[in-house]
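The values are calculated or read from the model by the stated rules, or taken from the named source; none is laboratory data. All of these numbers come straight from a predicted model, not from anything done at the bench. Don't worry about glycine lacking a Cβ; one is built from the backbone with ideal geometry, like all the others, and counts go over all protein chains shown. Heads up: the accessible areas ignore ligands, DNA and RNA and are worked out on the full protein's heavy atoms, side chains in. Shrake-Rupley method; radii C 1.70, N 1.55, O 1.52, S 1.80 Å.
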Amino acid sequence: MTGTTYSTEIMSSSGKTVRDMSDGGVVINYRPSLVNPPASKRYYFYLMAPALILLALITLYPFFWLIYMSLHKVDLGGSGDTWNDFKNWTRLARDMKFLGGWWLLAKYSFYCMLFEVLLGIMIAVILDNSRFEKVLVTIFLMPMMMAPVIAGLVWYYLYNSTFGWYHWIMQSLGILGDKSILGDVSTAMTAVVLVDVWQWTPLIVLITLAGLKRVPRDQLEANMVDGAGAIRNFFQITLPNTYPFLLIAILLRFMDNFRFIDALMVLTGGGPANSTKILPTYLFDVSFVFFKLGRGAAIALTLLIVTIILGMILVKVFQSPSASTSQGGE
Amino acid sequence: MASHEVVQYRSTIRSAINVFTFVFLMVFLIWTVLPFIIMFVSSFKNLLEAFNLPEKGDWASVISVFFDFEPTAIHYRELFTERNFATYFFNSIVSSGGSALISVVLGAMAAYSLSRIDFRGKNHVFFWVISTRMAPVVAVMVPLYTIFRGLDLIGTLPGLILAYTTFNLPFAIWILKGFFDNIPYAIEEAAMVDGHTRLGAFREILPLAAPGIGAFLVLCILFSWNDFLFASIIGSGGAKTLPVATRELVTPTSIQWGKIMAAGVITSVPMTFLGLLIRKYLVTGLTMGAVKE
């Protein structure tokens, strides 16, 4: 190998060594061992090749295939795909279920996020000062481990109008008339949101707790000396310090709302009267109920583009200095 | 803690807040565990008992009505004798375990080398890796279904394993890269000074990474075990997994709640235990390495 690659590699590796030494030790006059010649980059490329090739085969190739499909009338029967002058795309502009699907997805995500974040922060703050933090956190983890489709089925049972306990509770409290929870347009959306809140608020709690542990005590105390009470302290010190954690939590949950529709499919399947037909469920219907795969591909691409944009934002947050303080560990 | 000491003089407000937080926490606790309790208890009730509810507004008899039943294990037995749940259990284990193993082995190799070298376009590779992980499952399934159909992979376990690898492999690469970043390069160098080869040095640091690798293997299993969409379309027919089989107990004519609850217990209990086992790495895993506890 040439001298240049040699030195850059040592530089980067020693750079890592210095960064990871928490006791502040600095490596000066760093010299590589001469027993083994420095590895060529080729060695590392060989090591990463199998994973990257496999990943390309199962993600990149389908992605290009998706673009191809969105431009054709896809026929699974065998008579071949035919070009259809962007019809899959132009139709989307007039497809009310498509446009409504985006609106409902936005609404659904917004409500999930609102409840989960508010509830998550409150629980996290309470737990942070609680003696029973360990036990309670362990219990709160349980919903996240449950398969979303099972969660959907259990809640479907709880919501049932003739023998569901939650339906009974709400009726007994006088909140609900004789309505069926999942069968009524006015309550169905809230009902599916609640299932998501049940399952995923704990994740927000965990992330916020991790953030709360990193709020600098001295800042809190200094602020108190300046006369701040508990509430002012929360908004002036605690919240700004946990903000990067919250942002990560929100973005992750946002993307998961796009990714998973398991529970929703069991609970309402998009009904009643399409009031919970968020875009991914509509995409499922178009592609795997009606098997209009060309149109499905066009819808899938719009969904993917939005997800990629969200992903870009998320990666930016990951790499921003405020979030990377959390990366360093103890 | 200082904050407590300063506020303590306002003791009435303080105790009011204490009562409020206690009640709030209790309500949240009940809200969290109640579906589990109802699922568990209902799985031991017979058809009629599962339908029992007290009169509207009759709060006093809630407990007595809820626990008024003769425990029966018939649902569990029937799932295995009449419904082939043993096969579905096996399918679930093979598909999630297979995919997790492929992802973690290949992912660890890739993550290690990505952590040790720099090259042009590395950031692009990273973004590609993480974006495949974030892609909506339904959207991925549209082209995958068409391709797998052509390859006769629909309804087979290898097909399902490959489908799960679309989200497990990027997860493993991304998260293990962060893990290897925290293992100093100096350890490998020391190993090489001792006469190990490059590959030998990699093997030297593997024990250090082993707990993390094991935990993320478990997480990969959990993600694919809990999957429903891929399994229902790509695994439909020959490779039915537990979530799909449970869903199929709901039919337009009859919904067998006892069986559904029993199947729910069978599906959830192993994952709950596995999840608690890797508790330490859970937050890191679920946040793609962005947050460490």
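Annotations
- Looking across region A:158-187, the residues that are hydrophobic (A, V, I, L, M, F, W, C) and either more than 8 Å from chain B (Cβ to nearest Cβ) or buried (at least 17 other Cβ atoms within 10 Å of the Cβ) (or both) come down to A:Leu158, A:Trp165, A:Trp168, A:Ile169, A:Met170, A:Leu173, A:Ile175, A:Leu176, A:Ile181, A:Leu182, A:Val185.
- Any hit, region A:71-94, residues being within 29 Å of B:Ser268 (Cα to Cα) and at pLDDT below 85: no
- Residue ranges of helices (runs of 4 or more DSSP H) in region A:219-330 with at least 3 members of a type in the set (D, E, K, R): A:239-259
- Number of positions in region A:256-280 that are open to solvent by 10 Å² or more (accessible area, probe 1.4 Å), aliphatic (A, V, I, L, M) and more than 20 Å from A:Tyr157 (Cβ to Cβ): 1
- Residue match in region B:37-52 (condition: open to solvent by 90 Å² or more (accessible area, probe 1.4 Å), closer than 28 Å to A:Met170 by Cα and among the aliphatic types (A, V, I, L, M)): yes
- Exclusive hit being surrounded by fewer than 22 Cβ atoms within 10 Å (Cβ to Cβ), at pLDDT 85 or above and more than 29 Å from B:Gly285 (Cβ to Cβ), set B:Ala215, B:Ala209, B:Ala190: B:Ala190
- Between A:Leu54, A:Leu105, the distinction of being touching a helix residue (DSSP H, G or I) at 6+ places or on another chain (Cβ under 7 Å), open to solvent by 20 Å² or more (accessible area, probe 1.4 Å) and either within 12 Å of chain B (Cβ to nearest Cβ) or in a loop (DSSP other than H, G, I, E, B) (or both) belongs to A:Leu54 only.
- The number of residues in region A:112-157 being touching a residue at least 12 places away in the same chain (Cβ under 8 Å), of a type in the set (Val, Ile, Thr) and either open to solvent by 10 Å² or more (accessible area, probe 1.4 Å) or more than 8 Å from every other protein chain (Cβ to nearest Cβ) (or both) comes to 4.
- Meets criteria (assigned to a helix (DSSP H, G or I), open to solvent by 30 Å² or more (accessible area, probe 1.4 Å) and at negative phi) for A:Thr201: no
- Options A:Leu247, A:Leu251: the member that is under 15 Å from the mean Cα position of the chain (by Cα), open to solvent by 10 Å² or more (accessible area, probe 1.4 Å) and more than 24 Å from A:Glu133 (Cα to Cα): A:Leu251
- Within region B:149-169, being surrounded by fewer than 23 Cβ atoms within 10 Å (Cβ to Cβ) and farther than 15 Å from B:Thr241 by Cβ holds for B:Arg149, B:Gly150, B:Leu151, B:Asp152, B:Leu153.
- Scanning region B:129-159 for residues that are of a type outside the set (Gly, Ala, Ser), facing chain A (nearest Cβ under 8 Å), under 21 Å from A:Thr307 (Cα atoms) and part of a helix (DSSP H, G or I) gives B:Val129, B:Ile130, B:Thr132, B:Met134, B:Val137, B:Val138, B:Val140, B:Met141, B:Val142, B:Pro143, B:Leu144, B:Tyr145.
- Set B:Phe230, B:Phe223: member being under 15 Å from A:Ala151 (Cα atoms), buried (at least 17 other Cβ atoms within 10 Å of the Cβ) and within 11 Å of another protein chain (Cβ to nearest Cβ): B:Phe223
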